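Colleague: To start, I am sharing the structure in question, which I have written as structure tokens.
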Amino acid sequence: MKVYVSTYGCTMNQGDSEILRALIARRHQLASTPEESDTVVVNSCAVVGFTERKVLKEVRRHKLAGRRVILTGCLPKANPDAALASGADVVLPNTRIAEIGSVIEGRGTGDATAPPKPELPKLRHSNSAIAIVAISEGCLGACSYCATRFARGRLRSFPMESILREVECALEQGYREVQLTSQDTAVYGRDISTSLPELLGELVDLPYEFRIRVGMMNPTFAGEIFDDLLEAFKSRKVYKFLHLPVQSGSDAVLRHMRRGYSVEDFVQLVREFRRHFPDSTLSTDLIVGYPTEGEEDFRKSLELIGEIKPEVLNITRFSPRPGTEAAKLRDLHDWIKKERSRKLTELMRGIGLERNRRYLGRRLRVLVTKHGKHGTLLARSDAYRQVVVREGKIGEFTQVKVREVRPTYLIA
Ligand code: SF4
């Protein structure tokens, strides 16, 4: 069989595709394009309607071309009706990707309990220094708009020793940036009597010069471990990067979303992080057009972004997901969501440039992580700033001088 793996969505899904490729390559040939393949594994995302429609369109395209399609990822559990009606030959929940080999051979899915993801093989990109490592699956949240929790379930933390083994193995292979990922890294270990700061403490003791990127955290749970987290982040091996999705600048909307924190709680965490690490990167997320978001609520979101000036802002237009509380509410018109997204993007362009101007002329030690466009290389500073360089070797640290700045990256 010649099998192509198509991937949508978040870092965790990218990591799942590395597992899928490794398991498939054990018994089948991996195709680098769908056209070369006779079987396509679609590793889907269901976080917004737009992505779901792209996934379903791809499934139809492959079926029309006579290929066998295995639909996995979040869609099978986040929207089972759509997955079953997609026309895919097999619908495989993402909790069962370990069975992909037998599924491809048409032997159906046994209900063997799979080993934790860190113990599953990975086929990582060889021309990158980045290793994605899932530390847990699921979360402890109940956000009103979120279908991911249907797909990923309640928190299941992976054993610390298997995570340590996986990271050490990746470092032995030459990877030098470890991206710790899950739906909410802040709740890691709560179900196995440990914690994210403890895990970081163990990881930074590994005898290699490398960097750790800590994945997104729900501010509610981040706040409960923040002091220990700030201690753990003091290690030079942990990027000074905080991904803390706020989702709205309005307390009323945050209550409707059942996020569990206030705008002020979020601002306090950001201030504390920046007080400890003035040279750092804050990434946050905003949903625009939540059904109860009025003009005044949106003005508060604009104001919040103007006040905290994040280095990275991920903007999502609200999209009702089947089975969620928020889907029962009257949806706002698309043009309202579009207009609010446009205003935020415009604001962020100015903020990004302003934040990056501080680096002009500065010398930085960066880690070269992967290839960029037009023969360039992409690197990361210790504050996880994206730096475009012309010279260097993937997986190596190098000294650079910042010559130009752009809203979302530096040129050195
Ligand atoms: S924390 Fe909230 S948004 Fe994140 S995966 Fe859980 S329910 Fe979804």
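Colleague: Once amide H atoms are placed 1.01 Å from N in the peptide plane, what residues at a sequence separation of 5 or more from VAL288, or on another chain, have their amide H within under 5 Å of its amide H?
Modeller: Under 5 Å from the amide H of VAL288 lie the amide H atoms of THR316, ARG317, PHE318, each far enough along the sequence or on another chain.
Colleague: Moving on. Apply the Karplus parameterisation 6.51 cos²θ - 1.76 cosθ + 1.60, with θ equal to phi minus 60°, to every residue of region 155-172 and state each ³J(HN,Hα) to the nearest whole Hz, in sequence, with x for glycine and proline.
Modeller: Listing the rounded values in order: 3, 10, 7, 8, x, 4, 5, 6, 5, 4, 4, 5, 5, 4, 5, 5, 5, 4 Hz.
Colleague: A further question on this structure: Compute all pairwise cysteine Cβ distances in the chain, then list the cysteines with no distance under 4.7 Å to another cysteine.
Modeller: CYS10, CYS45, CYS74, CYS139, CYS169
Colleague: Which value, in Å to one decimal place, does the Kirkwood hydrodynamic radius take for the chain when every pair of different Cα atoms is included? Kindly include the intermediate steps, with their values, before the conclusion.
Modeller: On the way: mean 1/r = 0.0448 Å⁻¹.
Kirkwood radius, the chain: 22.3 Å.
Colleague: Now for a different question. Please list GLU36, GLU224 from largest to smallest accessible area, probe radius 1.4 Å, with all protein chains kept in place. Don't jump to the answer; show the numbers that get you there.
Modeller: Details: GLU36 75, GLU224 110 Å².
Descending accessible area places them as GLU224, GLU36.
Colleague: If a/c stays under 1.5 just call it rounded; otherwise compare a/b with b/c (prolate if a/b is bigger, oblate if not). Do that for region 75-166, with a ≥ b ≥ c from the square roots of the Cα gyration tensor eigenvalues.
Modeller: Values: a/c = 1.74, a/b = 1.18, b/c = 1.48.
Oblate.
Colleague: Where Lys and Arg each count +1 and Asp and Glu each count -1, what net charge lies around GLU161 among other residues with Cβ under 12 Å from its Cβ?
Modeller: On the way: positive: ARG165; negative: GLU119, GLU166, GLU168, GLU202.
My count for the surroundings of GLU161 gives -3.
Colleague: Report the local net charge at ASP38: Lys and Arg +1, Asp and Glu -1, summed over other residues whose C-beta lies under 10 Å from its C-beta.
Modeller: +2
Colleague: Continuing with the same structure: Per residue, how much accessible area does region 319-412 have with a 1.4 Å probe, in Å²? Kindly include the intermediate steps, with their values, before the conclusion.
Modeller: Values: 5560 Å² over 94 residues.
Solvent-accessible surface per residue comes out at 59 Å².
Colleague: Moving on to the next point. Have a look at the DSSP beta bridges in the chain and tell me what percent are antiparallel, nearest 5.
Modeller: Percent antiparallel among DSSP bridges in the chain is about 35.
Colleague: Going down the list LYS300/LYS338; LYS343/LYS370; LYS300/LYS343, which pairs span over 24 Å between their C-alpha atoms?
Modeller: LYS343/LYS370
Colleague: Now for a different question. Can you give me the solvent accessible area of LEU120 with a 1.4 Å probe, rounded to the nearest 10 Å²?
Modeller: 20 Å²
Colleague: Sticking with this one: Excluding residues on the same chain fewer than 8 positions from LYS63, give the lysines whose Cα lies under 16 Å from its Cα.
Modeller: In chain and number order, the partners are LYS2, LYS54.
Colleague: For region 278-294, what does the Karplus curve 6.51 cos²θ - 1.76 cosθ + 1.60, with θ = phi - 60°, yield as ³J(HN,Hα) per residue in whole Hz, taken in order and with x for Gly and Pro?
Modeller: x, 9, 8, 10, 9, 10, 9, 10, 10, 9, 9, x, 4, x, 9, 7, x
Colleague: Here's a follow-up. Please arrange HIS243, HIS256 by accessible surface area, largest first, computed with a 1.4 Å probe and ligands excluded. Present the calculation step by step, with values, prior to reporting the outcome.
Modeller: Numbers: HIS243 30, HIS256 90 Å².
From most accessible down to least: HIS256, HIS243.
Colleague: In whole Hz and in residue order, list the ³J(HN,Hα) couplings for region 360-377 that follow from phi through the Karplus curve 6.51 cos²θ - 1.76 cosθ + 1.60, θ = phi - 60°; x for Gly and Pro.
Modeller: 4, x, 7, 8, 10, 9, 10, 9, 7, 10, 6, 6, x, 8, 6, x, 8, 10
Colleague: In addition: Answer rounded, prolate or oblate for region 1-124, using the Cα gyration tensor with square roots of eigenvalues a ≥ b ≥ c: rounded when a/c is under 1.5, else prolate when a/b is larger than b/c, else oblate.
Modeller: rounded
The values are calculated or read from the model by the stated rules, or taken from the named source; none is laboratory data. These figures come from a predicted structure and were not determined experimentally. Don't worry about glycine lacking a Cβ; one is built from the backbone with ideal geometry, like all the others, and counts go over all protein chains shown. What goes into the accessible areas is simple: the full protein's heavy atoms, side chains included, and nothing from ligands, DNA or RNA. Shrake-Rupley method; radii C 1.70, N 1.55, O 1.52, S 1.80 Å.
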